[in-house]
Amino acid sequence: MSFTTVFAFLKELKKNNNRDWFEANRNWYLEAKSVFEVYVSLVMGEIKKFDKEAVNTDPKKCIFRIHRDIRFSHDKTPYKINFGAYIAKNGRNSPFAGYYFHIEPGASMFAGGIYLPQPDILRAIRNEIYHNTEEFLEIINNPDFIRHFKEIDAPRLSFAPKGFPKDFPYVDLLKFKYYTVTKSFSEKEAQMPDFIDKTAEVFKALLPLNRFLNNAIKEINS
């Protein structure tokens, strides 16, 4: 499949981010949205081969709305200039770690893990890392993981989180404000015939991290 329509639409939307232009080009938007929905369905089919828990919902429930929430924002442009989907248990609003796919000209990416979790979830994850440090280190130091993601790319606290010893040898692993990883891809890469296979390969490398994080989250969501 081709993302030509998706990239073309998003490039023009960035130049014309207003309701009049959007309504005049609604059919173009619907065409681009349809391409993205088909792709998300295909990706979910691939993920289901190695992580059935993440694909227990309708693909449309994984896709984010293109409308921006501008109520508390200085930026009043009404539309996002990307298409994004979060594939996780129960869809885009899931509290669980999952797989994120983002199409945006010049800023497309694969991502995963968990972003801005609630305080109880973040503490559960830190506890899991504290008590199972060797397992977590094996995951983030695995050559397949490093080949795609390099490292956890979230910001850190400047101090040990409350309730954890400051002299813990791996305290830096507990300082992350969330636990996400990302990998960029180009418009050219997205147009390649094997892009679905590449997507599946990247997300499969993410599976051990997601499982580790979700083991912690399940403890407080059971």
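The values are calculated or read from the model by the stated rules, or taken from the named source; none is laboratory data. The shown structure was predicted, so the numbers you read here are calculated from the model rather than taken from an experiment. Ideal geometry is used to build each Cβ from the backbone, glycine not excepted, and the neighbour counts take in all protein chains shown.
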Scanning for something loosely packed, with under 13 Cβ neighbours inside 10 Å and of a type outside the set (D, E, K, R), does the range 95-102 turn up at least one residue? no
Okay, helices (runs of 4 or more DSSP H) sitting entirely in the range 111-222 with 2 or more residues that are touching a strand residue (DSSP E or B) at 6+ places or on another chain (Cβ under 8 Å), without any contact (Cβ under 8 Å) to a residue 12 or more places away in the chain and crowded, with 18+ Cβ neighbours inside 10 Å, I get none
With criteria (1) assigned to a loop (DSSP other than H, G, I, E, B); (2) at pLDDT 95 or above; (3) touching a strand residue (DSSP E or B) at 6+ places or on another chain (Cβ under 8 Å), I81 comes up short on (3)
Residue count, the range 198-216, condition of a type in the set (A, V, I, L, M) and under 13 Å from A88 (Cα atoms), comes to 3
Within the range 1-24, residues farther than 28 Å from D194 by Cβ, small (G, A, S) and surrounded by 13 or more Cβ atoms within 10 Å (Cβ to Cβ) come out as none
*Based on what the data block shows, is A54 touching a residue at least 60 places away in the same chain (Cβ under 8 Å) and either acidic (D, E) or more than 20 Å from E189 (Cβ to Cβ) (or both)?*
yes
When restricted to I146, I114, the only residue farther than 24 Å from N56 by Cα and among the β-branched types (V, I, T) is I146
Being of a type in the set (V, I, T), modelled with pLDDT of 95 or more and under 20 Å from the mean Cα position of the chain (by Cα): is that true of I129 here? no
Checked the range 53-66 for anything hydrophobic (A, V, I, L, M, F, W, C) and not in a helix (DSSP H, G or I); matches are C62, I63, F64, I66
Within the range 1-47, restricting to residues that are outside any helix (DSSP H, G or I) and touching a helix residue (DSSP H, G or I) at 6+ places or on another chain (Cβ under 7 Å), the one that is modelled with the highest pLDDT is F3
- request: Please verify whether the range 67-78 includes one or more residues that are in a loop (DSSP other than H, G, I, E, B) and touching a residue at least 40 places away in the same chain (Cβ under 8 Å).
  value: yes
